[in-house]
Amino acid sequence: MTRPTQAFGAEFRSILAIAGPMGLSQFVQMLMGATDDVLLGGLGASALAIGGLATGTFFTLNAILAAVIEAGGILLAQAHGRRDHASLGTIMTSMLAVAVALCVPELFCLWHVDRLLVWMHEPESLRAPVIHFVHMLMWAVPPALLGQGILTTALPVMGAQGILMRVMPCITVVNGVLNATLIHGWFGLPALGLYGSATATVVTLWCMPFIMLAFVARRPELRAALRPRGHEWGHTLALLRTGLPMMAAAMAEVTLFQANSLEAARMGNSALAAFQIMLGMGVQCFVVYMALGQACNIRVGYWTGRADPVMMRRTAWAGMVLGIAVACVMALILALGRHAIISLYLDTALPENAQAVSLALGLLLVGAAFQIPDAAQVIATGILRGQGDTAIPMVLAVIGYWGIGFPGGVYLAFHRGMGPSGLWCGNGIGLVSVFVLLAARIAWRMRPQTLCRS
C-alpha cells in the first residue's frame, strides 16, 4: 500500500475518532432537551410550550455566543500541531477571559427577553411564565459558557474526547431524574411543577463542567496542557478575530431557519407542524455533520500548525468524502422512513392531521434531497476554520443564506404556490449556494502557492 493511501486512511480514522465522541456528546445534549419536553408534556401542552420556548431561547443564544469560544479550539489545534505547548495555557486563559466577557451580553439579552416575546407576537398569557423561566435559566449562563463551552472545545483538541463519552450519558440520566424529582416532588422534595424543570437544568449545567474537570484532574498531561497561565493580548485578539466571524456565521444560519419557521406559521397550523417536523429531523442530521466539521477543524488546524500542506489537503478530502457518505445515509433514512418519522410526531390516523401529514411527507423528501449540500457546507466550513479563515466564509454564508436562500424560499413558497416545501427548498438553495462559495474558497486556499505563503 502506498504512503498517500495510508495517510488518507489514517486521516479518515482520525476524523472518525474525534467526530464519534463529539457527535455522541451533542446528541446527548439534544436528548436532554427531549427528556425535558417529555416530562413537561406530562403537565400539559401549556407547560410544554412555555418550557420549550424558554429553553430554546436560552440554548440558541448560548450556542451563538459560544461560537466565539469555539475559535479557541482552532488556536489550540494549531499550537498543538507546531508543538508550542507553552502557548496552550495562555490560549486557555484567553478563552476564559472571553467567556467571562460574553456572560454580560447573554445575561442582558435574557433579562430583556420580554422584548423578544413582544416582537414575536407571543400571547400575553405565555409571556409572564416564559420570562420567569428564562430568568431562572440565567443562573446557568456562567457554567454554560465558562465550563461546558470551553471544555467541550478543548478536550477533543487534546485527544481527550473520550471524557465527553463518559460524562455526557451520565449527565443525561442526572438531568432526567432531577427534572422528574423537582417537577413532581419525589423523595420528599417540593413539587415545583414547571419551574422544577428550570431548576434542574441550572443544577445540571453547573454539575457538568465540574465532572469534566474531575476527569481532567486524573490525567497529569491534560492538567499540564489545559491549566490557564498568564494572559497574552495577542492570543485574545486572535481569538476575537477568528471567533466573532464564526458567531456571525452561526447567527446567519440559525436565524434563516427561524425566519422560515415564522413564514411557515403564516400558512396555518398544518404547514407549521409539517415544517417543525422537518426542522426537528434537520437538526438531528446537522448535529452529525457538525461533529464531522469540528473534527476536520481540529485535524486541519493541527496540520496547519505543522505547516504540512500535503496532509492538510488529504484531511480536507477525507473529511469531505466521509461527510458525503454520512449524508447519503441520512438522506435514505429521511426518504424511506418518512412515514415512520411522521408517526413519531403526529397520529397519522386522525383526520384532522391529514393535511399536516401530507405536507410533511413532501417536506421530508425535499429535506432528503438537500442532505449532501448541508453536510458538504459544514465540512467545508470546518476545513477553512482549521486554517484560521473565518471572516470571508462568514460573508459568504450571509450571502448564501440571506442573499439567495431566504428570498428564494419566500418566492417559491408564496409566489409559486409550493407552500412549506418552497420554504425548505429556499433553505436548500441557501445551503447549496454556501457550499459552492466555500468550495471555491477552499480551492483557492489549497493551491500550493497559497499554502506556501500562509
For a quick size check, give me the Cα extents of the chain along its three principal axes, largest first, whole Å.
62, 56, 40
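If we sort 287-294, 437-444 on the protection proxy, mean other Cβ atoms within 10 Å, highest first, what's the order? Mind dumping the intermediate values first?
Values: 287-294: 23.8, 437-444: 16.2.
Going from most to least packed, we get 287-294, 437-444.
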To the nearest 20 Debye, how big is the dipole of the chain about its Cα centre, given +1 on the beta carbon of each Lys and Arg and -1 on that of each Asp and Glu?
1700
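Using Cα pairs closer than 8 Å and at least 6 residues apart in sequence, work out the relative contact order for region 244-454, in percent. Walk me through the intermediate numbers first.
Working: 279 pairs, mean separation 61.2, N = 211.
Normalised by residue count, the contact order of region 244-454 is 29 percent.
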Hand me the trypsin sites (Lys or Arg not before Pro) from region 146-227 located in a DSSP loop with no more than 11 other Cβ atoms within 10 Å, in residue order please.
Arg218
Can you tell me the relative contact order of the chain? Whole percent, Cα pairs under 8 Å, sequence separation 6 or more.
21
Fewest Cβ neighbours within 10 Å first, please rank Val173, Val157 accordingly.
Val173, Val157
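Given Cα pairs under 8 Å that are at least 6 residues apart, what percent is the relative contact order of region 71-213?
Working: 120 pairs, mean separation 36.5, N = 143.
So the answer I get is 25 percent.
Fewest to most neighbouring Cβ within 10 Å: what's the order for Leu88, Leu244?
Leu244, Leu88
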Inter-part gap, Cα centre of region 291-323 to Cα centre of region 198-251, in whole angstrom, is 22
Rg and Dmax of region 267-317, Cα atoms, in Å?
18.2, 55
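I need Cys296, Cys103, Cys170, Cys425 ordered by Cβ neighbour count within 10 Å, fewest first. Display every interim value, and only then the final one.
On the way: Cys296 30, Cys103 16, Cys170 13, Cys425 23.
Ranked by crowding around the Cβ, least crowded first: Cys170, Cys103, Cys425, Cys296.
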To one decimal place, what Kirkwood hydrodynamic radius in Å is obtained for region 218-317 from all pairs of distinct Cα atoms?
17.5
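Values quoted throughout were computed directly from the atomic coordinates according to the rules given, and no laboratory measurement underlies them. Given the structure is predicted, the values throughout are model-derived calculations rather than measurements. All Cβ positions, glycine included, derive from the backbone under ideal geometry; neighbour counts span all protein chains shown.
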